[in-house]
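The values are calculated or read from the model by the stated rules, or taken from the named source; none is laboratory data. Quantities reported herein were computed from a predicted structural model and do not represent experimental measurements. For neighbour counting, all protein chains shown are included, and Cβ atoms are generated from backbone atoms with ideal geometry for every residue, glycine included.
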Amino acid sequence: MAPRAAAFLHGKFYLAANSKSVTVQRLRARPDVAISYFENHFLLLGHGTVTFLAKGEAEFEIIRKEWEKAFNGGKDALKSEDLFLRVDAVHLVAFARRPERYPRAWGLSHR
């Protein structure tokens with residue numbers, strides 16, 4: 001997949017997409033994906049399958065609200081997009097350059 005806006009919410013990756021895009025058509029034929037997410041020296045890598053969430057579905061609306069909070073009211077990412085792609089990872093790997101910045105996420109207690 002190409003670089004695009006993504007969110008990692010509730011242990012899942014979500015990406016906004018247009019149902020008519022080439023990417024979506026390819027994923028409908030073969031929903032297996034590998035994904036990487038990098039932010040502030042924190043990296044997540046995942047492999048899994050895509051589930052398509054269309055406008056009007058309950059999960060779409062839940063994610064849309066979170067997306068709007070994260071992406072400037074949705075103006076930065078939800079223009080022609082009418083789907084969310086949920087990546088159901090079967091394998092996740094995380095790396096933090098400075099893990100002491102994420103003690104709760106790792107279940108660690110740093111002094």
Residue in the range 76-88 that is surrounded by 11 or more Cβ atoms within 10 Å (Cβ to Cβ), touching a His at 6+ places or on another chain (Cβ under 9 Å), modelled with pLDDT under 80 and not in a strand (DSSP E or B) present: no
For the range 24-40, how many residues meet the condition of being over 16 Å from Val93 (Cβ atoms) and modelled with pLDDT under 90? 1
If we keep only residues of the range 20-39 that are hydrophobic (A, V, I, L, M, F, W, C) and over 18 Å from the mean Cα position of the chain (by Cα), then the residue nearest to Asp82 (Cα to Cα) is Val22
Is it the case that Ala34 is loosely packed, with under 14 Cβ neighbours inside 10 Å and either part of a helix (DSSP H, G or I) or aliphatic (A, V, I, L, M) (or both)? yes
Take Thr49 and decide whether it is farther than 30 Å from Pro99 by Cβ and touching a strand residue (DSSP E or B) at 6+ places or on another chain (Cβ under 9 Å). no
